[in-house]
Amino acid sequence: MKDFGSRADVERALTELGRQMALRDADHMAVVCCGASALCVLGLLARRTLDIDAIGLIGSNEEISSIDEFSPEVNDAIAAAGLSLGLLPGWFNGAASAVLARGLPVGALERSAVQAKAFGPCLTVHFMDRIDLIALKMYAALDPKEGRRHVKDLVEIGPSREELLHGIQWIGSLPSSPAFKQSLHRLLEGFDAADLYSA
């Protein structure tokens, strides 16, 4: 298994990661996951992806924090699970944590709890809710270099006007340039929803 294309693929890898963490007596880790792997788990996306994106750690205070680095035990478990399943290095990573500097949509962490699942005694994963995954996809679709594949994902997901408005409200709260706002307007035109946003 070199990549992930279904809920079963993602859960198989996380189950193995949880097992490897338990073998190393790692401290319990609760994470929020986003991206294509989370969309696969929710049955919203069929395309394959190379990694599982952890956007943040959930602390004992039920707040989310960025992932600066995993513990040595978790890093060893990630490597061992990847080797066991034939996954690429970095298949489970915290690169998406950069989004936290901008802040998540209001209520995103609470909504992710609905999709929480334990993978053994050491690992709990919260998958972000559909409406928040769409908001993040909308933001990613505005990237001038990588945006095209995210637009394709949005087309496959088929967001409703309400879901697009949720994304607009979050993106609109972030610092942005006139060019960025124009890009958002063009994106919404593609979904016949430009009337929801005034730059």
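Quick note: the coordinates plus some simple rules give every number you see, no bench work behind them. All of these numbers come straight from a predicted model, not from anything done at the bench. FYI the Cβ positions are ideal-geometry reconstructions off the backbone, even for glycines, and counts take in every protein chain you see.
Brief remarks on what is shown
- Nearest-0.05 FRET efficiency for LYS117 and LYS2, computed from C-beta distance (R0 22 Å): 0.40
- Antiparallel content of DSSP bridges confined to the chain, in %, to 5: 60
- Amide proton proximity set for THR124, modelled H, under 5 Å, gap of 5+: MET29, ALA30, VAL31, PHE119
- Near the amide H of LEU45, within less than 5 Å, lie the amide hydrogens of CYS40, all on another chain or at least 5 residues away, with H placed in the peptide plane.
- Positive contributions from Lys and Arg (+1) and negative ones from Asp and Glu (-1), summed over other residues with Cβ under 13 Å from the Cβ of ALA22, come out at -3.
- Dimensions of the range 131-196 along the principal axes, based on C-alpha atoms and rounded to the nearest Å, stand at 27, 24, 20, largest first.
- Cα-based reach from LYS181 at 27 Å (exclusive), listing lysines while leaving out same-chain residues under 8 positions away: LYS137, LYS145, LYS152
- Computed across the chain, the Kirkwood hydrodynamic radius from all distinct Cα-Cα pairs reaches 17.4 Å.
- Within straight-line cross-link reach of LYS117, aspartates and glutamates at Cα separation under 20 Å, skipping those fewer than 8 residues along the same chain: ASP9, GLU11, GLU16, ASP25, ASP27, ASP51, ASP53, GLU62, GLU63, ASP129, ASP132
- For the chain, the longest principal axis of the C-alpha atoms and the axis of helix 7-23 are separated by about 40°.
- The chain: angle of helix 72-85 to the longest principal axis, Cα-based, in degrees nearest 10: 90
- To the nearest ten degrees, helix 161-172 and the longest principal axis of the Cα atoms of the chain are 90 degrees apart.
- Magnitude of the charge dipole, the chain, Cβ model with Lys/Arg +1 and Asp/Glu -1, debye to 20: 600
- Pairwise centroid distance, computed over Cα atoms, of the range 20-71 with the range 77-153, Å: 6
- Value of D in µm² per second that Stokes-Einstein yields for the range 85-140, Kirkwood Rh from Cα pairs, at 10 °C (1.306 mPa s): 122
- Computed helical MRE - 222 nm, the chain, DSSP H runs ≥ 4 contributing -39500 (n - 2.57), nearest 500: -14000 deg cm²/dmol
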